[in-house]
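As structure tokens, the structure follows; a few thoughts come after it.
The values are calculated or read from the model by the stated rules, or taken from the named source; none is laboratory data. Owing to the predicted nature of the structure, the values given are computational and were not obtained by experimental measurement. When we count neighbours, we look across all protein chains shown, and the Cβ atoms used for this are built from the backbone with ideal geometry, even at glycine.
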Amino acid sequence: MRFSKPLFTASNVPEAQAGLRELTKRYGNAKTDADVIVALGGDGFMLQTLHKYGRKGVPIFGMNRGSVGFLMNEYSSNDLIERLDLTQSQELYPLRMKAKTAKGKAQVAHAFNEVSLLRETRQAAKLRISIDGRVRLEELICDGALLSTAAGSTAYNLSAHGPILPIDAPLLALTPISAFRPRRWRGALLPRRCEVVFEILEADKRPVSAVADHIEVREVVSVTVAEDASMSVTMLFDPDRSLEERILAEQFVVDAQG
């Protein structure tokens, strides 16, 4: 790839804003005809950038100016154009969530990481889960559940003890959050092209919210999730820190306790 017109965007944290000023001074800032977007911040800001610029067809390169930077490259202001030309690309396809509420409204949102269902009160949620029109789990009593992409499998999914998926795996991870019944159910690996429907049982007594990345819909009664193959975003990574390598390496991380 050859790049010459970067558009710089940054989160509000001081480090990111300082980086924005430095990079803009050195390389300018293409506002209308950019051929690459450079995002400065953490993973949360990267998700915002993917949603904001995802349909423009311009590759996105992130540099870490936040606290968590799994999706980001290391920050450096030196030789940026040459660095961008050496990057490796990765196509990401989001999940499309259609959530229906108790008031009869429907809302559509996209998620590059995961769609999660979460109980809203002290009462545990009760969910029925269907895959491609067939009920696979008649009743799951839990704090919630999530459906994760491979790119998002090291985020909330991993914290909920879900599996890490290789970036090129044609799979989605369905992971329960604090499952009470069936207590031993640990989730499932699903084909990437499947459609998952969550029905909320006893929704009036046990209200549930649905969250697609940062978009929340409260008091849902059903949530349908499937990959949106019509929409893709290209992310760029330094050759020695590809997303494939990061996800693979994450599976061999051992913390200080063991």
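I'd like to know if segment 124-145 contains one or more residues that are under 11 Å from the mean Cα position of the chain (by Cα), assigned to a strand (DSSP E or B) and within 25 Å of Asp43 (Cα to Cα).
Scanning segment 124-145, I find no residue that is under 11 Å from the mean Cα position of the chain (by Cα), assigned to a strand (DSSP E or B) and within 25 Å of Asp43 (Cα to Cα), so the answer is no.
Could you say whether any residue in segment 126-144 is surrounded by 18 or more Cβ atoms within 10 Å (Cβ to Cβ), basic (Lys, Arg) and either farther than 29 Å from Arg55 by Cβ or not assigned by TED's automatic domain parsing to the domain that holds Leu86 (or both)?
Yes, segment 126-144 has at least one match.
Within the set of pairs 6 or more residues apart or between chains, which connect a residue that is over 14 Å from Leu236 (Cβ atoms) inside segment 69-91 to a residue that is buried (at least 17 other Cβ atoms within 10 Å of the Cβ) and not acidic (Asp, Glu) with Cβ atoms less than 7 Å apart?
Gly69/Gly42; Phe70/Thr154; Tyr75/Gly19; Tyr75/Met63; Tyr75/Asn64; Tyr75/Arg65; Ser77/Leu23
Going by the structure shown, is Gln17 part of a helix (DSSP H, G or I) and of a type in the set (S, T, N, Q)?
So Gln17 passes the test.
Go through segment 166-185 and report how many residues are assigned to a loop (DSSP other than H, G, I, E, B) and within 28 Å of Gln123 (Cβ to Cβ).
Of the residues in segment 166-185, 7 are assigned to a loop (DSSP other than H, G, I, E, B) and within 28 Å of Gln123 (Cβ to Cβ).
Only one residue in Asp204, Asp213, Asp238 is farther than 22 Å from Gly133 by Cα and outside the structural domain of Arg119 (by TED's automatic domain parsing). Which one?
Every option except Asp238 fails the conditions.
So which of Pro182, Pro176, Pro166 ends up being in contact with a Leu (Cβ under 9 Å, 6 or more places away or on another chain) and touching a residue at least 60 places away in the same chain (Cβ under 8 Å)?
So the residue among Pro182, Pro176, Pro166 that is in contact with a Leu (Cβ under 9 Å, 6 or more places away or on another chain) and touching a residue at least 60 places away in the same chain (Cβ under 8 Å) is Pro166.
Give the residue that is surrounded by the fewest Cβ atoms within 10 Å (Cβ to Cβ), with candidates limited to residues of segment 34-53 that are touching a Pro at 6+ places or on another chain (Cβ under 9 Å) and part of a strand (DSSP E or B).
Among residues in segment 34-53 that are touching a Pro at 6+ places or on another chain (Cβ under 9 Å) and part of a strand (DSSP E or B), the one surrounded by the fewest Cβ atoms within 10 Å (Cβ to Cβ) is Ile37.
Suppose we filter Lys56, Lys5, Lys25, Lys31 for residues that are surrounded by fewer than 19 Cβ atoms within 10 Å (Cβ to Cβ), closer than 23 Å to Leu243 by Cα and without any contact (Cβ under 8 Å) to a residue 60 or more places away in the chain; which single one remains?
Lys56
For segment 186-239, name all the residues that are under 16 Å from the mean Cα position of the chain (by Cα), hydroxyl-bearing (Ser, Thr, Tyr) and assigned to a strand (DSSP E or B).
Result: Thr234, single match.
Counting just the residues of segment 73-92 that are touching a Lys or Arg at 6+ places or on another chain (Cβ under 8 Å) and surrounded by 16 or more Cβ atoms within 10 Å (Cβ to Cβ), which one comes out farthest from Ala212 (Cα to Cα)?
Leu80
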